[in-house]
Amino acid sequence: MRERGRAVAVFIVHDVQPRVWTAEELAFLRNVADRVEVGVARVRAEELQAVLNKELAHRLKNTLAIVQSIATQTLRGVSERDLVEAFERRVLALSRAHDVLIQKSWSAAKLRAVMESVLSMQTDLDRFALEGPDMDISPQAALSLSLLLHELATNALKYGALSAQSGMVRVSWRTGGGAAPTLVLDWTETGGPAVMPPRNKGGFGSRLIRMGLLGTREADLDFKPTGLRAEFRAPLAEVQVQVH
């Protein structure tokens, strides 16, 4: 087999005695050789893509680290260190989503994997009950979901169920039918202190939560005394990976 004018492989066929190959036999051998060549090219392309993905992941991680470093230096004089730490952890949440996305060449991410990666930043995953069908979601949905879950978990640690030793969070999701199918995500806290509705609209984190998944603003927050219950909805077509 030749590639760009040079031999890259030799295809050898044995027989018990010298013979003259028929045109049909030669055509068959050429067909087999062509298939082998295609297979070799595919393996090489996959190996090259893996190397490129690894390099891309490394560079993006470095970029996120640089952004975090610049922000830290810029905000060094800020007296409210909570603001700086909140920003750093949001960058880290995006980095966690990036780690999951890079496993599929930034084309998609498993919904459950994104959840587990982001929520494990906050506390032990045993304190979360994840229930729902796993699915591939788009890069934009993965990044949006990572920020949304990060803010919800942060608030739960500060004021909600995760601030109590016995507190738990149930995260469930399902798809709704109809003319415009949707993804419905539920966040339910139990076992924590009594919850009161906020007196004001809150800060940036609260705004991120109210923006919902993919910025749809389809977010219903119910501050029950037994714990926060939130429901988020987004068009399934925008959440899932589009197959062209």
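Just a few scattered comments:
- Options Ser144, Ser138, Ser117; residue that is closer than 24 Å to Asp222 by Cα, of a type in the set (Ser, Thr, Tyr) and within 10 Å of the chain's Cα centre (by Cα): Ser144
- With respect to the conditions (1) at pLDDT 95 or above; (2) not in a strand (DSSP E or B), Val243 lacks only one, and its number is (1).
- One residue stands out among those in the stretch 33-56 that are loosely packed, with under 12 Cβ neighbours inside 10 Å and over 31 Å from the mean Cα position of the chain (by Cα): the one that is nearest to Val100 (Cα to Cα), which is Val38.
- Residue count, the stretch 172-184 (criterion: farther than 11 Å from Phe232 by Cα and surrounded by 14 or more Cβ atoms within 10 Å (Cβ to Cβ)): 1
- Positions within the stretch 185-202 being surrounded by fewer than 20 Cβ atoms within 10 Å (Cβ to Cβ) and either among the aromatic types (Phe, Trp, Tyr) or modelled with pLDDT of 90 or more (or both), in sequence order: Asp186, Thr188, Thr190, Gly191, Pro193, Ala194
- Only residues that are farther than 15 Å from Gln240 by Cα and surrounded by 15 or more Cβ atoms within 10 Å (Cβ to Cβ) were counted in the stretch 101-114, giving 1.
The values are calculated or read from the model by the stated rules, or taken from the named source; none is laboratory data. Here the structure is a predicted model, which is why all the values come from computation and not from measurement. So basically every Cβ, Gly included, is an ideal-geometry build from the backbone, and we count neighbours across all protein chains shown.
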